[in-house]
Amino acid sequence: MQTNGLQMNQSTDGSDFEGSADLNQRKNSNLRLVKDEDRAVQANRSLAHSGVSAKSAQSLQNRVDELEHQVELLQQQLEVERRLAQIDPLTAIPNRRAFAARLQAEVARSERSGAPLSLAVWDIDHFKKINDNYGHPFGDDVIRCVAQVIQSHLRESDFSARYGGEEFVALLPDCDAEGARILAEKICQVIQQSGCCLDPIDFKLTASCGIATLHGTDRDETLFKRADDALYRAKQSGRNRVVAEND
């Protein structure tokens, strides 16, 4: 699946932005509670100056405490929902939105430190035929299995995500072009040899990969485009192979 550049704000299946309306509603509720809390505090001060009874002041303080607790709970829930919005629901690995943020951070880190940064982009070969021949539930199993293979072969410092559809990406900090090629070829071999533990009759699973390494004048968009262009050449030259940007 060849893409046209790095369109980070658009999801191929819409799942990256699922729940954004709920997040906005939560934020609005949070703001309302903060305003209510502020008004309650101001009222409490006014009552204190006007000589209101201790019982009324305590009742108002209890209300302030309750509002503070609700604000804290909403903030915690917003953080949980923010994290869930960056997880692909099918594979339970980071999604395209999370990848966009991490790519920017890794490019900036590499520019500061001078350490190499490589990017690998995989695409499952003939995925439409897999869905057509074996059904979409089986296709979902294939996507989950490929995600697990990629995840299991990465270092702790690496970062992988489902970019969309049957396409996956991996950021490889402190990894040069040769190291990225070795890793990408290993993952392609494991996908082919294991079939991801899926064994219907005559089922053969392979993936193609394109890799690129950060250059001095690069930005996140240009790094991704070069890796994606290399993936396109891998598909055009026969699939089930790794192609680097300079091949």
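The values are calculated or read from the model by the stated rules, or taken from the named source; none is laboratory data. Computed from a predicted model, the values in this text were never measured in an experiment. Cβ sites come from the backbone with ideal geometry, for glycine too, and all protein chains shown count toward neighbours.
Worth pointing out:
- Within the stretch 169-190, if we keep just the residues that are free of Cβ contacts under 8 Å to residues at least 60 places away in the same chain and in contact with a strand residue (DSSP E or B) (Cβ under 7 Å, 6 or more places away or on another chain), the residue that is nearest to A101 (Cα to Cα) turns out to be A170.
- Taken over the stretch 43-89, the criterion of being small (G, A, S), in a helix (DSSP H, G or I) and modelled with pLDDT of 75 or more is satisfied by S56, S59.
- Residue check for K204: within 19 Å of F127 (Cα to Cα) and free of Cβ contacts under 8 Å to residues at least 60 places away in the same chain: yes
A quick yes/no check of all residues on (1) within 28 Å of A85 (Cα to Cα); (2) part of a helix (DSSP H, G or I); (3) modelled with pLDDT of 95 or more; (4) assigned by TED's automatic domain parsing to the domain that holds W122:
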site: R181; (1), (2), (3), (4): no, yes, yes, yes
site: G195; (1), (2), (3), (4): no, yes, no, yes
site: I201; (1), (2), (3), (4): no, no, no, yes
site: G210; (1), (2), (3), (4): yes, no, yes, yes
site: G216; (1), (2), (3), (4): no, no, no, yes
site: A230; (1), (2), (3), (4): no, yes, yes, yes
